[in-house]
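First the structure, in the form of structure tokens, and then the observations on it.
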Amino acid sequence: MENLMTQNTNQKKNYDFEFFGKGSEYFAIMIVNWLLTLVTLGLYYPWARAKRLRYVYGQTALNNERFHFAGTGKEMFRGFIKIILFYIAVMISYMVLLKVVKLPLLAILFLYLAFFAIIPFAIHGSFRYRMSRTSYRGIRFGYRGNRNEIVKKFFKWVFFTIITFGIYSAWLQMNIRKYTHQNIRYGDVEFSNNANGGDWLLLNLKGYFLTIITLGIYSFWWQSEIFAYYIDNMRMTKGEQRIKCSSTATGGGFFELLIVNFLITAFTLGFGKAWADMRTQKFIFDNVKMEGDINIDEIHQTEDEYTNAFGEDAMDFFEIDLA
Amino acid sequence: MKNTIDAKYYDGQSSAPLKAIVVLNDRTNEFHLQIAGEISFVWLLKDLQFEQYGHILEVRNTNYSDAILKIDDKYFSEKFYAAMKQNNSIDIHTRLLNLGLSKITAIAVCLLGLIVLAYFYVLPPIAEKTAALLPESFDNEIGNLFMDAFLRKNNIDTTKTKYLEQFAAELDLKNRNPLRFTVVKSKEVNAFALPNGQIVVFSAILENMESFEELVALLGHEASHVNYRHSIKMLCRNLAGYMTVSLIFSDVNGVMALLADNAQRLHSLSYSRGFEQEADEQGLEILMNNKVDPNGMVKLFEQLEKESNIYIPKIISSHPLTKERKDNMHKIISETVYEIKSNDKLNSIFEYIKN
């Protein structure tokens, strides 16, 4: 009897990603966003961003059920105001150091430190907000990372990066990825990531040199290796059940994607970017394969609601990309 | 009545889909739901948010934000949209989107057209008005800032500066505020005026001059830039231009922004040509008022033109179309009655400056 049970739950499940987004629809959203942002003198921007994200999430489906982004313009607008206040506070302190205390070196150092120090806070806030506003079948994602912990770790890794003349930056990047990913939850499903700095460094060194030797041609294969490294290291577990992700993307696939995207964008003076973006999303979801035995009909809600968009906006404000 | 439909329901507790029966009552603006043949409850349309994917309708209730009601029926979807519209529950973004791509694009093109018109016909006068509102202390501050930075990299020729001051003192440059003159040692053929009244002449441009009329022409031209506050007007114009451009392209991609940025730069260049012409004409008037041969201006241009065969000096690159400017000068000179007096004093100071 017990044997039968285990066999039953350990059965391989089907996971099928699909991306339905269409360039024309996305373009229409961009145009409406543009119109509304313009007539509100830019104030609509956070709402525009919410609309855009909601479309992209809503067009992404797993086993024919769509993802949902519940973030609102209001939340992101509040985050945006906080960012502006932070920026003003830093600038005022900078001016005081420069003009009143008259310590120009200290002032510049302060400026760099302030903008640098916000990075781990932004990463934390961004993950926390983005995950909490993402849901699938009514079950929320969540991020359980500890802010103080990632801030401390971040500065430790940055210190190592400095004393190794940058070599450690490969570990810095992968450690952040690992830390953030292993704190992602989807209901009672836990995420993890096996990436490590050494592999990442080798992968990139190889990609770099082969790209130079082949006069750039290898860059598409390098890109596909980076993508595969991101995807292949992702795992999900729920009790005894697990899912392993793998990439099916090839260098040739990236070559076609990027060249066609470039042509679409260039020959339409940039207006075709909506179509290029949708092709990229489709390419990504067509090339992520999940294998395992987690039953996605049996996930339970575990994550609390959370609506602070500070990090989300900080990432956007300083144009840091969350890969 | 086909307001009753089968649907799928996710309760926000588990990811398992449940069967639901939905009745839309469009008179009371309510949804009656029966879940899995057991639980029944009512959702008010005013609490609902929805996404439409083709025929598929995903409805969420803001009071229980995790629960999803999923309905796949074209007729019901349309009916629901109409009811929501009647209930004023559809935001402006969705309303615009539902106009269809061609109408949205038409609106966008019209709006863009209006902005472009405003950019060319409304912005310049506003920028000039703004410049007029700025106090002259602002001109001084900006000028001093620039001069300080400039002098850190360049050396003053004190003797020639003294002679140039004497030379300028002999002239009426129609200035309202005091002008200051400085000669810097440089191989570059250049001269410029700052909003604080500081006129900087590079030594190489002096060496190329053959007559004092050319120097009067140069000073007249630069003094006119100061008199008419060209730098400040330019600054206001550029700021306003960049604000417009960044407003238009705030949410659009980099390629377009780059194109627009360059267009803006080109436009400001042609605008600066307008200023150059004004300075030429006012400079010419200064020549005539001081009873100096106005052809000095033409000679100055010719000197600069010659120099440009060797390498392109800044004064020409930012003052293009020399031929056009020369023709303009010839035209004005031929149309104006003027008097020339020989001026030994200017001539002798000029000799000192040259040597």
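Could you please give the count of residues in segment B:29-50 that are in contact with a strand residue (DSSP E or B) (Cβ under 9 Å, 6 or more places away or on another chain), exposed (fewer than 15 other Cβ atoms within 10 Å of the Cβ) and farther than 15 Å from B:A67 by Cα?
Qualifying residue count, segment B:29-50: 1.
When segment A:118-164 is examined, which residues are found to be aliphatic (A, V, I, L, M) and within 14 Å of another protein chain (Cβ to nearest Cβ)?
A:I139
For segment A:65-76, what are the residues that are of a type outside the set (K, R) and either more than 9 Å from chain B (Cβ to nearest Cβ) or within 18 Å of the chain's Cα centre (by Cα) (or both)?
The answer is A:F67, A:H68, A:F69, A:A70, A:G71, A:T72, A:G73, A:E75, A:M76.
If B:E30 meets every condition in (1) within 14 Å of another protein chain (Cβ to nearest Cβ); (2) at pLDDT below 90 apart from one, which number is that one?
The number of the failed condition is (1).
Within segment A:94-107, is even one residue closer than 30 Å to A:Y57 by Cβ and of a type outside the set (K, R)?
Among the residues of segment A:94-107, not one is closer than 30 Å to A:Y57 by Cβ and of a type outside the set (K, R), which makes the answer no.
Is it true that A:D188 is closer than 30 Å to A:H124 by Cβ and among the acidic types (D, E)?
The answer is yes for A:D188.
What are the pairs, 6+ residues apart or on separate chains, where a residue within segment A:141-167 that is under 26 Å from A:G187 (Cβ atoms) has its Cβ under 7 Å from a residue that is buried (at least 17 other Cβ atoms within 10 Å of the Cβ) and of a type in the set (A, V, I, L, M)?
A:F141/A:M131; A:F141/A:I184; A:G142/A:M131; A:Y143/A:M131; A:Y143/A:I184; A:I150/A:I123
Picking from B:K326, B:K314, B:K299, B:K306, which residue would you name as being modelled with pLDDT under 75 and surrounded by 13 or more Cβ atoms within 10 Å (Cβ to Cβ)?
B:K314
I need every pair where a residue in segment B:188-203 that is within 10 Å of B:N227 (Cα to Cα) and touching a residue at least 40 places away in the same chain (Cβ under 8 Å) has its Cβ under 6 Å from the Cβ of a residue that is in a helix (DSSP H, G or I) and hydrophobic (A, V, I, L, M, F, W, C), sequence separation at least 6 or different chains.
Filtered contacts from segment B:188-203: B:P195/B:I142; B:P195/B:I232; B:G197/B:V226.
The conditions are (1) surrounded by 13 or more Cβ atoms within 10 Å (Cβ to Cβ); (2) more than 9 Å from chain A (Cβ to nearest Cβ); (3) free of Cβ contacts under 8 Å to residues at least 24 places away in the same chain, and B:K74 fails exactly one of them. Which is it?
Against the list (1) surrounded by 13 or more Cβ atoms within 10 Å (Cβ to Cβ); (2) more than 9 Å from chain A (Cβ to nearest Cβ); (3) free of Cβ contacts under 8 Å to residues at least 24 places away in the same chain, B:K74 comes up short only on (1).
Of the residues B:L133, B:L117, B:L123, which single one is touching a residue at least 40 places away in the same chain (Cβ under 8 Å) and either outside the structural domain of B:I56 (by TED's automatic domain parsing) or farther than 30 Å from B:I56 by Cα (or both)?
B:L123
Looking at segment B:4-21, which of its residues are small (G, A, S) and more than 10 Å from every other protein chain (Cβ to nearest Cβ)?
B:A7, B:A20
Would you pick out the residues in segment B:51-71 that are more than 25 Å from A:H300 (Cα to Cα) and surrounded by 15 or more Cβ atoms within 10 Å (Cβ to Cβ)?
Of everything in segment B:51-71, those that are more than 25 Å from A:H300 (Cα to Cα) and surrounded by 15 or more Cβ atoms within 10 Å (Cβ to Cβ) turn out to be B:Q52, B:Y53.
Say we look at segment A:288-303 and pick out the residues that are more than 14 Å from every other protein chain (Cβ to nearest Cβ) and not hydrophobic (A, V, I, L, M, F, W, C); which of these is surrounded by the fewest Cβ atoms within 10 Å (Cβ to Cβ)?
Looking at residues that are more than 14 Å from every other protein chain (Cβ to nearest Cβ) and not hydrophobic (A, V, I, L, M, F, W, C), I get A:E291.
Please state which one of A:L62, A:L41, A:L36, A:L53 is at the interface with another protein chain (Cβ under 9 Å from one of its Cβ atoms) and either surrounded by fewer than 17 Cβ atoms within 10 Å (Cβ to Cβ) or under 20 Å from A:G138 (Cα atoms) (or both).
Going through A:L62, A:L41, A:L36, A:L53 in turn, just one is at the interface with another protein chain (Cβ under 9 Å from one of its Cβ atoms) and either surrounded by fewer than 17 Cβ atoms within 10 Å (Cβ to Cβ) or under 20 Å from A:G138 (Cα atoms) (or both): A:L41.
Do any residues in segment A:121-134 that are in a loop (DSSP other than H, G, I, E, B) have Cβ atoms under 7 Å from those of residues that are not acidic (D, E), where the two are at least six apart or on different chains, and which pairs are they?
Every condition considered, the pairs that remain are A:R133/A:F69; A:R133/A:A70; A:R133/A:G71.
Identify all residues within segment A:135-187 that are of a type in the set (A, V, I, L, M) and in a loop (DSSP other than H, G, I, E, B); write none if there are none.
The one that is of a type in the set (A, V, I, L, M) and in a loop (DSSP other than H, G, I, E, B): A:I167.
The values are calculated or read from the model by the stated rules, or taken from the named source; none is laboratory data. As the structure is a prediction and not an experimental result, all values here were calculated from the model. Neighbour counts are summed over all protein chains in view; Cβ atoms, including those assigned to glycine, are modelled from backbone coordinates with ideal geometry.
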